[in-house]
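Notes follow the structure.
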């Protein structure tokens, strides 16, 4: 087929796609009216998840499968987000500036149709959610290399917020700067978490450079933009936003490096059948108390996927335990375990039940 004929067919397909998008947008407006009449929230994350999973499945099963399912998901993520903005625009807080992995997570969770607002710290993000000034917040909770993010754990302790969802973002760290000769680099900027994820690389490739902690990976790239003798460790998106070249990609020490992010809101999620529940508890100061508490989960046949201790607020040398358990708080076995915890522990606080992310 001649190139001009192919282009004409592409133009015709684009026109069909545009007509279908307009039709979908009109249906989204009708859905908004139906939700208002039924006194339902405008945003339904579980419905969005089902839509994206369904299109991914159809893409995988398509006989030609010209587009990778990841590309299909990204396209429909933007379509869903744009249609939702017609119903009720969503405001999402994240730790900025733009280009951080928290920004990437916010875009992945809510698409381009949401209004993503950056704040200087994780604490600011959680505070915005607690005060009802934004619809959602996105905050990192743990990294597969460096472990828990203490600022998020402490923010959950200090504020009345719930976990509405989670997502896992693959972290491919880049060296960003204008000096490709590492022997001439004098300074390396980044946030402490990425610096920890690249300890081996930095010791091996940049042993003589001063390592400087920044408030975020994007702040590190901003420093490098005006310092030719320095490089930053950050995301490719931050390099693109601030116009600084990527020198090398994939410099994290461990393959499969990923960060788990939480979606925070004023309420948690409904039961989906593949859920996770997060809670925090503290035990009495006595021998064997933690063992007794853990036996409660075992008695109920529950799988703990994570447990981490943090100093209790205002109580020196006392600790609380953040715990993730498979199942929803409305599942009978989880509900029984929570009631038994309340009888055995000095404090128990439910942080939320939500659809668990695909660990793959």
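Among the residues of the range 248-267, how many are in contact (Cβ under 8 Å) with a residue 24 or more places away in the chain and out of contact with any helix residue (DSSP H, G or I) (no Cβ under 8 Å at 6 or more places or on another chain)?
6
As an exercise: evaluate residue 325 against (1) in contact with a helix residue (DSSP H, G or I) (Cβ under 7 Å, 6 or more places away or on another chain); (2) modelled with pLDDT under 95; (3) closer than 26 Å to residue 53 by Cα and give the number of the one condition it does not meet.
Condition not satisfied by residue 325: (2).
For the range 336-360, give me each residue that is surrounded by 15 or more Cβ atoms within 10 Å (Cβ to Cβ), part of a helix (DSSP H, G or I) and touching a strand residue (DSSP E or B) at 6+ places or on another chain (Cβ under 8 Å).
Result: 337, 338, 341.
Quick grid of which residues meet (1) in contact (Cβ under 8 Å) with a residue 12 or more places away in the chain; (2) part of a helix (DSSP H, G or I); (3) at positive phi; (4) not assigned by TED's automatic domain parsing to the domain that holds residue 308:
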site: 71; (1), (2), (3), (4): no, yes, no, yes
site: 81; (1), (2), (3), (4): yes, yes, no, yes
site: 105; (1), (2), (3), (4): yes, yes, no, yes
site: 113; (1), (2), (3), (4): yes, no, no, yes
site: 127; (1), (2), (3), (4): yes, yes, no, yes
site: 140; (1), (2), (3), (4): yes, no, no, yes
site: 153; (1), (2), (3), (4): yes, yes, no, yes
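Restricting to the range 43-61, give me the number of residues that are more than 22 Å from residue 273 (Cα to Cα) and touching a helix residue (DSSP H, G or I) at 6+ places or on another chain (Cβ under 9 Å).
Number of matching residues: 2.
Just to be sure before I move on: is residue 244 crowded, with 19+ Cβ neighbours inside 10 Å, within 20 Å of residue 142 (Cβ to Cβ) and in contact with a strand residue (DSSP E or B) (Cβ under 9 Å, 6 or more places away or on another chain) in the structure I sent?
no
So, of the residues in the range 179-203 that are in contact with a strand residue (DSSP E or B) (Cβ under 9 Å, 6 or more places away or on another chain) and surrounded by fewer than 17 Cβ atoms within 10 Å (Cβ to Cβ), which turns out to be nearest to residue 149 (Cα to Cα)?
The residue in question is 192.
Out of (1) closer than 17 Å to residue 95 by Cβ; (2) touching a helix residue (DSSP H, G or I) at 6+ places or on another chain (Cβ under 9 Å), the odd one out for residue 202 is which?
Checking residue 202 against (1) closer than 17 Å to residue 95 by Cβ; (2) touching a helix residue (DSSP H, G or I) at 6+ places or on another chain (Cβ under 9 Å), the one that fails is (1).
State yes or no: is residue 172 over 28 Å from residue 309 (Cβ atoms) and within 20 Å of the chain's Cα centre (by Cα)?
yes
Give me the residue from the range 34-51 that is farther than 18 Å from residue 113 by Cα and outside any helix (DSSP H, G or I) and, out of that set, nearest to the chain's Cα centre (by Cα).
40
Out of everything in the range 316-335 that is free of Cβ contacts under 8 Å to residues at least 12 places away in the same chain and loosely packed, with under 14 Cβ neighbours inside 10 Å, what residue ends up being farthest from residue 280 (Cα to Cα)?
That would be 332.
The values are calculated or read from the model by the stated rules, or taken from the named source; none is laboratory data. Source: prediction; values computed, not measured. No Cβ is skipped: glycine too gets one built from the backbone with ideal geometry, and neighbour counts run over all protein chains shown.
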